[in-house]
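Q: Please find one structure pasted underneath; my questions will follow.
The values are calculated or read from the model by the stated rules, or taken from the named source; none is laboratory data. Quick caveat: nothing in here was measured; it's all calculated off a predicted structure. As a convention, Cβ positions derive from the backbone with ideal geometry for all residues, glycine included, and neighbour counts pool all protein chains shown. The area values use the complete protein model at the heavy-atom level, side chains included, leaving out ligands, DNA and RNA. Shrake-Rupley method; radii C 1.70, N 1.55, O 1.52, S 1.80 Å.
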Amino acid sequence: MREVVVPIEDKSKHVLPLYLPPTPVPFQIITIKDTPGAAAGVSPPPQGVVNLSELESWLPLTESRNGSTFSAILHLLCSGIGFQVLFLPVAFASLGWAWGIICLSIAFMWQLYTTWLLVNLHEPVPGIRCIRFVRMSILAFGPKLGKLLAIFPVMYLSGGSCVMLIITAGSSMEQLFNIICEEGTMCGSMSLSGTQWFLIFTCIALIIAQLFPNLNSIARVSLTGAITSIGYCTMIWALSISKGRPNDVSYGIPVADRTGMTGFGNILNAIGIIMLAFRGHNLILEIQGTLPSDSKHPSRKSMWRGVMVSYMIIAMCLFPLAIVGFWAYGNKIPEEGILTAFTKFHGQDTSKYVIGLIYIWLTISCITSYQIYAMPAFDNLEFIYASSKKRRCPGWVRAGIRLFFGGVTFFVAVAFPFLGKLAPLIGGMAAVPLTFVYPCFMWISIRKPRAKGAMWSLNLGVGSIGIVLSLLLIVAAVWKLDDKGLNANFFRP
């Protein structure tokens, strides 16, 4: 199997950039010339040109392709269940019972459909595999537009997600420390600053990153992440049921919050919370790339089995968490999500060890998610080295690359600890189009269904609705920031 992604206007030869750097740092990209003679082994690659299959065998995303459906399930669960699901009851508080369930169901089916599109686009023609989302975008939309549309979303959903994981896990570790070491105890006087918690998490994540060289090798890490993610989601909604509802819980939306611009903005922000709860589409092609594929057993079959199993489990986490969370706390749920609501209303009558276990599982889930979301960035940085030096990254270079990336994400987390407040705005520009829009237009561009046929009309309509929603979510996020302000606590986590 070979990876070819850019449609070439000059049909006499195929000259392809193997990868596109997501940073503005200038460097010279070495291209791959894949001629029929070279493919048949007639002549070696010309001097200065890297052999495609050899270069792929050096990179973390394509170094190992002996994965299985089970490993794909683990990766999908680890990347698909994140701390964003804790905010789903907040969306229900603005939408109400009926519209909350309807919007969550539509978003779930929508993102499942776009996942199906990506799985089937992974091998657009027999013998060709698109393992990186940027390559798929270039293949579908051309070199210029493809880069323009895909670079920022992929950057944000890789590096930006790692930054958010540092911020979330650092806060979770601090809460765990405060629960275990109450005021008046010996360890209670030894509390750490937010920056120190961020540093502890980053060091743990980077130590683990050094132990696993490629995406396929982190299956055991993803197993741990899947167990802990399912664990803390289930514990929160199960404990919320067992503890009962606080007094004076209501489910009605105040008139002031459902009329005028305020009501419109609240509805859009709630829809944004639901849409951003679904994540991991930027890793679908990469995860499928770890599976073996041939003409008799294409990877799309085993990948789709993994998608169906994993998304059934994801649905069993998301829907109970959203529905039970709204049932338990109604319009009393704070903007910080269901975990904050549980500790606020039931923290006194719940064992601190039970609450501590939730925070432990949340922290472990963030550590494991960091590994899979950082892998595309590791792959890109190693490509820069391998293509320029024309050899595999030595162990010390690979370790240095991962330390460098960890240092950058740590610095951004410390410098912008309020990044979570900007998530609806940035997510509307990056995550929503990548998850709900781009796959639809990619299908039209690559598969070229009959104009005005069923698939053509479906994808054009769904993609167009996604664009409109993305623009509305951006407007709503800007309006909310203008209305409530932003506590930009630079370098003060």
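Q: How many of the residues making up the range 468-493 are outside any helix (DSSP H, G or I) and out of contact with any Gly (no Cβ under 8 Å at 6 or more places or on another chain)?
A: 7
Q: Within the range 422-442, track down each residue that is of a type outside the set (Gly, Ala, Ser) and more than 16 Å from Lys147 (Cα to Cα).
A: Leu422, Pro424, Leu425, Ile426, Val432, Thr435, Phe436, Cys440
Q: Look at the range 221-262 and say how many of its residues are among the aromatic types (Phe, Trp, Tyr) and either modelled with pLDDT of 90 or more or under 30 Å from Ile208 (Cα atoms) (or both).
A: The number of residues fulfilling the criteria is 2.
Q: Has the range 160-173 got any residue that is farther than 19 Å from Val414 by Cβ and out of contact with any strand residue (DSSP E or B) (no Cβ under 6 Å at 6 or more places or on another chain)?
A: No, because not a single residue in the range 160-173 is farther than 19 Å from Val414 by Cβ and out of contact with any strand residue (DSSP E or B) (no Cβ under 6 Å at 6 or more places or on another chain).
Q: So Lys243 passes all but one of these: (1) in contact with an Asp or Glu (Cβ under 9 Å, 6 or more places away or on another chain); (2) more than 18 Å from Lys332 (Cβ to Cβ); (3) surrounded by fewer than 23 Cβ atoms within 10 Å (Cβ to Cβ). Which condition number does it fail?
A: So the condition that Lys243 fails would be (2).
Q: Could you go through the range 200-212 and let me know if any residue there is of a type outside the set (Ser, Thr, Tyr), under 30 Å from His297 (Cβ atoms) and in contact with a helix residue (DSSP H, G or I) (Cβ under 7 Å, 6 or more places away or on another chain).
A: Scanning the range 200-212, I find at least one residue that is of a type outside the set (Ser, Thr, Tyr), under 30 Å from His297 (Cβ atoms) and in contact with a helix residue (DSSP H, G or I) (Cβ under 7 Å, 6 or more places away or on another chain), so the answer is yes.
Q: Please identify the pairs in which a residue from the range 336-356 that is in contact (Cβ under 8 Å) with a residue 24 or more places away in the chain has its Cβ atom under 6 Å from the Cβ atom of a residue that is surrounded by 16 or more Cβ atoms within 10 Å (Cβ to Cβ) and part of a loop (DSSP other than H, G, I, E, B), counting only partners at least 6 apart or on another chain.
A: Here the result reads Ala341/Ile333, each pair linking the range 336-356 to a residue that is surrounded by 16 or more Cβ atoms within 10 Å (Cβ to Cβ) and part of a loop (DSSP other than H, G, I, E, B).
Q: Residues in the range 340-353 that are exposed (fewer than 13 other Cβ atoms within 10 Å of the Cβ) and among the hydrophobic types (A, V, I, L, M, F, W, C): how many?
A: 0
Q: Out of the range 309-339, which residues are modelled with pLDDT of 95 or more, surrounded by fewer than 15 Cβ atoms within 10 Å (Cβ to Cβ) and over 16 Å from Ile101 (Cα atoms)?
A: Matches in the range 309-339: Met312 only.
Q: Which ones in the range 212-242 are closer than 26 Å to Met312 by Cβ and not in a helix (DSSP H, G or I)?
A: Of everything in the range 212-242, just one residue is closer than 26 Å to Met312 by Cβ and not in a helix (DSSP H, G or I), namely Leu215.
Q: Also, I was wondering about something else. Can you tell me which residues in the range 230-272 are in contact with a Ser or Thr (Cβ under 8 Å, 6 or more places away or on another chain) and within 30 Å of Ile73 (Cα to Cα)?
A: Scanning the range 230-272 gives Tyr232, Leu239, Ala270.
Q: Got a sec? Which of Pro17, Pro46, Pro24 is open to solvent by 60 Å² or more (accessible area, probe 1.4 Å) and modelled with pLDDT under 50?
A: Pro24
Q: Still on this structure, I have one more. Kindly evaluate Phe418 against the criterion of being open to solvent by less than 40 Å² (accessible area, probe 1.4 Å) and either within 25 Å of Leu486 (Cβ to Cβ) or in contact with a Lys or Arg (Cβ under 8 Å, 6 or more places away or on another chain) (or both).
A: yes
Q: Restricting to the range 122-134, name every residue that is at pLDDT 90 or above and closer than 16 Å to Met375 by Cβ.
A: Answer for the range 122-134, where residues must be at pLDDT 90 or above and closer than 16 Å to Met375 by Cβ: Arg132, Phe133, Val134.
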